[in-house]
Structure formats: structure tokens, C-alpha cells
Amino acid sequence: MKAPLKTIAAASLVALGLGAASFAQAGHHEVKIGVILGFTGPIESLTPDMAASAELAMKEVSDSGMLLDGKKIVAVRADSTCIDAAAATAAAERLISSEGVAAIYGADCSGVTTAIANNVAVPNGVVMVSPSATSPALSTIDDNGYFFRTAPSDARQGEVLASILKSRGINNVAVTYTNNDYGKGLASSFADAFDGKIEISAAHEDGKGDYSAEVGALSASGSEHLVVFGYLDQGGKGIIQTSLDTGAFSNFILADGMIGQALVDSIGEGLTGAIGTVPGSESAGAKQFLEYASAHGIDGDGPFRAESYDAAALLALAMQASGSTDRAGIQSKVMDVANAPGEKIYPGELGKALKILADGGQVNYEGATNVEFSAVGEAFGSYKELEVKNGKFTTVAVH
């Protein structure tokens, strides 16, 4: 069972020598934060903008000159691959052991995030804040309070998507899901919430060159609507393209792993009318993030970019609140800066937040996604309902 209030383990880590004074950094006035995302693999078209959004928050903090008497954040990138747990674990080990990072922004996909947390981050007492790992299983990992996520659990996404289909009068579907923690968890939560009939629910593997057998089985179910819980740069895209090529399906329902302009650009007109869900909102904080990102040459309007900015911001604020780069100290303050009480902080206001903390005050980080952590350190979150119109994903509602 996951620690209920994210407060345990710091003392024991100090006793083991893992939470002792500040870790070796690139220089006396620098602190390293790991940036581990799938820069290669099934979501590689999404991760450059996710990383840029996180590193925007790090630059904002560094430029303010307010972090721990003028420390600068150095982002150290590593490739999670999204799907190879062994490679992701090795990459995280390098960040922690060789690079000496104080904390980790990431990882991204649920399977590799779980592997890194269980095998590397938690045993070494290193905080992780993921912007996009959404498997419901991550709510109950034995993390000793060191794992957080700014994206909501797929337990909620399944419910939202089922509600959207009901509102659109769609009550009969076929489901395909990528055969990993993310796909299985989302397929299960959707099945639990869907009032209609699921004619078939079948796994697919990523990285195949031919999905005709999978599409044939899905089509044989007789449903006209295909729900795709996969990845936009690999199996999910292959399923959709094969469906269109063979005439098996023309109506598609997508979840967050399939949302990205690269998919629309690749598939073309055949994707018009597809609907989907992705974490996000159109709150004042979300709009402020879009403006702030744009002013710094970054397109913030895309999957998990706002969540990435918020994840990095929380790490910096927790560092300031703890008064050092000590790993256990950072862990002890994440919940404090994320939730009330304190002055509300939005994108572009990190320097202000750091000053408040330096002066002994409190902050309640709202950020770009209305951050509010549950007792197990994950965002409650909201979802955008999307539809492909005029060659792009367009928000039609927020749930």
C-alpha cells in the first residue's frame, strides 16, 4: 500500500546515508534535475515539447536568481524509450549515480515509470514527478512517498471517455489496447465505466509492420466504432492506418497516448471526426501557460506540456521550501508547495514563489493544470474532449 500522506521514509534514508547533505552537483552554484522521457520509441513525437516545457520552468527558476541563494538548475536528459524497462532503469541509474541529480522530472509511460520508481528512484530516495504516467496501478505502488504525478490516473480517464460516448449515443464498440501497463489499465477502467456493449477487447503489440490480423479480428466483431488505447507513433497508428486501408473502420475513439498532431499529419483526412480525451483544461492558469510558453518560443498547446511545466516547477519549489538540494528534504516539501494553504502561484510567477518561500511564507502552486494532489500524491485533474476537425485536434468540451 502506498504511504497515505507522502511523509515517511526521509529519516530512514538519512540513517542509510541516502538523504544526507546536498548531493554533488555540476558546480557549487548548480543543481541537476534529471529529465527522463521517451525521446525514442512510441511517443517520440510528443517528448521534445514536453521536455521543453519542463526546462522552461527550470530556466525561469534559474533566471530569477532566487533559488537557494542563486543556484542554477541544470537539466540532464536521459531516454526512457517508453517501452524498454531495462533501458529506462539503466538510464535512471546513470542520472542518480553518475550525474548525481537531486530529483527526476519523469518518466513518461507507465511501465517504465513503474520500473524506475521501484528499482532505482525509491531505493535511492530520489523524488520523481511524472507528467504523463497514468496507469491506475501507480496509485498504490510502494513508493515511500517519493513518487508524484501531475497527470490524473486513467481510472478517471476511462470514466470520462465512457461518459462522452454515452452523450454521443455510441453504445457499441470494439477495443484495442497496447499490451502493457498503460493499455491494460485504461482498457479495464473504460470497460468498468462503459454502459454499452464492448464486442471485443484485444491487445496489440507495438513495433509490428503488419496489423492486418488484429484489425481483421476487431472488424469481425461487427462494431462500427473502434476504441484505440495505444501510442500515436507505433501500434495505435498502425491499427488505424490498416483499418482505413482495408475499410474495416472509419470511426475512431482515442485516449491520451494517441493524441498528437503527428498522428493527424500521418493519417490525413481519414482521421476527421475522430474523438478523444487528454488531460487538460482551459482555466486561467492554462491560458497563462500558453501565453508564457509562446513568449519563450514554445508551443504549449499539446499533450502533457502543461503537466511537464508544473512537474518541474514543483521540484524547484520543494527544493526552495526545504532550504537545500537534499533529496529527502525535497520529498518532504512537495505536498506542502502543491496544496493549500499559501499564496496561489501560476505560470510565469516562479520567481515570486521562490521569494515568498525564502522569506518564510507559504505557496499553493496552482500552475498550468490547477495542481491539487490527492493523499497519494497524484493530480485529480480534468480532461479535454477532442475532435479532429480541419486537420487538427480541437477541444469541444472540458470534463
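Tabulated values for the structure
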quantity: Gyration tensor verdict on segment 51-98 (Cα atoms; rounded if a/c is under 1.5, prolate if a/b is larger than b/c, oblate otherwise); calculated: oblate
quantity: Within a Gaussian network of the chain (alpha carbon springs, distance under 10 Å), most fluctuating of K333, K237, K352; calculated: K352
quantity: Along principal axes, Cα extents of segment 53-171, largest first, whole Å; calculated: 57, 34, 25
quantity: Length released on extending from T394 to A213, taking residue separation times 0.36 nm less the Cα-Cα span; calculated: 62.0 nm
quantity: Gaussian network model of the chain, Cα within-10 Å springs - most flexible of G297, G235, G34; calculated: G297
quantity: S250-I200 FRET efficiency (beta carbon distance; Förster radius 22 Å; 0.05 resolution); calculated: 0.80
quantity: Surface/4 estimate of mean projected area, convex hull on alpha-carbon atoms of segment 203-292, nm²; calculated: 6.7
quantity: Stokes-Einstein D in µm²/s, Kirkwood radius over Cα pairs - segment 154-272 at 10 °C with 1.306 mPa s viscosity; calculated: 114
quantity: Relative contact order (%) - criterion: Cα under 8 Å, at least six apart; region: segment 154-272; calculated: 26
quantity: For the chain, radius of gyration divided by Kirkwood radius, i.e. Rg to Rh on alpha-carbons; calculated: 0.98
quantity: Mean residue ellipticity (222 nm) of the chain, computed from DSSP H runs ≥ 4 via -39,500 (n - 2.57), nearest 500; calculated: -11000 deg cm²/dmol
quantity: Candidate aspartates and glutamates - alpha carbon under 19 Å from K355, same-chain residues fewer than 8 apart omitted; calculated: E30, E60, D63, D69, D310, D336, E343, E366
quantity: C-alpha long axis of helix 181-193 to longest principal axis of the chain, angle in °; calculated: 60
quantity: Distance violations [Cα-Cα > 29 Å] among K72/K392; K287/K389; K184/K287; K197/K237; calculated: K72/K392; K184/K287
quantity: Net +/- balance of residues flanking A75 in space, Cβ distance below 12 Å, scoring K and R +1, D and E -1; calculated: +1
quantity: Zero-based 5 Å bins, Cα pair distances in segment 244-329, whole percents; calculated: 3, 11, 16, 16, 14, 13, 11, 6, 5, 3, 2, 1, 0
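Taken together, the values in this text are just the output of simple stated rules run on the coordinates, not laboratory data. The model shown is predicted, which means the values in this text are computed figures rather than measured ones. All Cβ positions, even for glycine, are placed from backbone atoms using ideal geometry, and neighbour counts span all protein chains on display.
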